Amino acid sequence: MTNPTNITTNTQTTICPKHVGIIMDGNGRWAKQRGKARTFGHKAGVESVRSAVKFAQQSGVQVLTLFAFSSENWKRPEDEVSILMELFMYVLGREVKRLHKNNVRLKVIGDTRRFSDKLQKKIAEAEAQTEQNTGLVLAVAANYGGRWDIVQSVNHHIKNKPGQLISEDDIHQQVSLSDFADLDLIIRTGGEQRISNFLLWHAAYAELYFSDELWPDFREESFAKAIKSFASRQRRFGLTGDQVENSK
């Protein structure tokens with residue numbers, strides 16, 4: 001992987017993270033504030049996804065992972081889950097051409113076996129259509145949980161190397177997105193300050209950024225603020241601050 005990208009904003013040069021994960025929270029509350037059903041907020045959030053993808057491309061982000069549907073979200077009201085599945089189908093069908101045109105590679109992570117056959121087929125087609133693209137990797141976490149990711153990695157090792165001790169590298173090789181840059185930054189919208197079982201293995205040294213904005217209000221300027229905050233932090237990875245400065 002390449003080194004972090006330098007992006008210029010006005011007169012300032014900012015270090016851009018290679019891998020950004022976003023927990024897109026607040027769709028339901030956004031809709032409720034407007035007297036609408038929660039699903040109205042999910043539909044409105046699609047425009048924020050477009051803005052985030054556009055900004056990531058322009059800024060030099062290599063991987064953008066969006067938390068679309070967690071393994072715990074099945075507990076939500078049945079009608080909301082149903083509409084979310086329909087929206088997922090709709091967005092895949094509508095947006096994949098746009099992604100392909102812009103050299104974006106789509107990758108869906110999570111246990112997709114619980115989805116309908118029709119949706120699974122749609123996911124496979126979308127991934128296949130964009131798999132040769134060399135630009136931004138857009139990873140969508142759907143029926144995903146960080147604990148599930150680690151467990152499935154461990155089970156893979158036990159199945160293929162029975163009786164052998166498991167190392168960190170063994171786990172890393174089988175978790176989702178192991179072929180891409182480590183997670184540098186997690187952004188969560190909606191004012192909550194937790195990571196909700198999102199990319200737990202990958203978040204070991206990720207910087208966290210919490211925004212009070214609800215997801216449908218999150219736009220490119222909002223993303224830029226998160227990147228600016230990231231760039232202002234000293235990432236030490238177990239070293240002292242002096243060691244980091246001296247290494248520069």
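Details
- Here ARG219, ARG188 are screened, and the one residue that is surrounded by 12 or more Cβ atoms within 10 Å (Cβ to Cβ), among the basic types (Lys, Arg), touching a Phe, Trp or Tyr at 6+ places or on another chain (Cβ under 8 Å) and within 20 Å of HIS42 (Cα to Cα) is ARG188.
- Sole exception among (1) farther than 21 Å from LEU183 by Cβ; (2) in a helix (DSSP H, G or I) for VAL154, by number: (1)
- If you filter the range 23-73 down to residues that are assigned to a loop (DSSP other than H, G, I, E, B), of a type in the set (A, V, I, L, M) and touching a strand residue (DSSP E or B) at 6+ places or on another chain (Cβ under 7 Å), you find that the one that is surrounded by the most Cβ atoms within 10 Å (Cβ to Cβ) is VAL61.
- Only one of SER229, SER247, SER196, SER211 that is within 26 Å of GLY45 (Cβ to Cβ), without any contact (Cβ under 8 Å) to a residue 24 or more places away in the chain, out of contact with any Asp or Glu (no Cβ under 6 Å at 6 or more places or on another chain) and of a type in the set (S, T, N, Q): SER229
- A search for C-beta distances below 6 Å between a residue of the range 169-191 that is under 13 Å from ASP149 (Cα atoms) and any residue that is charged (D, E, K, R) and crowded, with 17+ Cβ neighbours inside 10 Å, counting only pairs 6+ apart in sequence or on different chains, returns VAL175/ASP149; SER176/ASP149.
- For the range 177-186, the criterion of being aliphatic (A, V, I, L, M), part of a loop (DSSP other than H, G, I, E, B) and within 21 Å of SER70 (Cα to Cα) is satisfied by at least one residue.
- Qualifying residue in the range 228-245 (condition: in contact with a Phe, Trp or Tyr (Cβ under 8 Å, 6 or more places away or on another chain), among the small types (Gly, Ala, Ser), under 18 Å from HIS19 (Cα atoms) and not in a loop (DSSP other than H, G, I, E, B)): yes
- Single residue of THR130, THR134 found to be hydroxyl-bearing (Ser, Thr, Tyr), at pLDDT 95 or above and surrounded by fewer than 13 Cβ atoms within 10 Å (Cβ to Cβ): THR134
- Residues that are over 19 Å from the mean Cα position of the chain (by Cα) and not charged (D, E, K, R), drawn from the range 108-139: PHE115, SER116, LEU119, GLN120, ALA128, GLN129, GLN132
- Looking at GLN12, GLN33, just one residue is modelled with pLDDT under 95 and of a type in the set (S, T, N, Q), and that residue is GLN12.
The values are calculated or read from the model by the stated rules, or taken from the named source; none is laboratory data. Everything numeric in this text was worked out from a predicted model, so none of it was measured. Methodologically, a virtual Cβ is constructed for each residue, glycine included, from the backbone with ideal geometry; neighbour enumeration extends over all protein chains shown.
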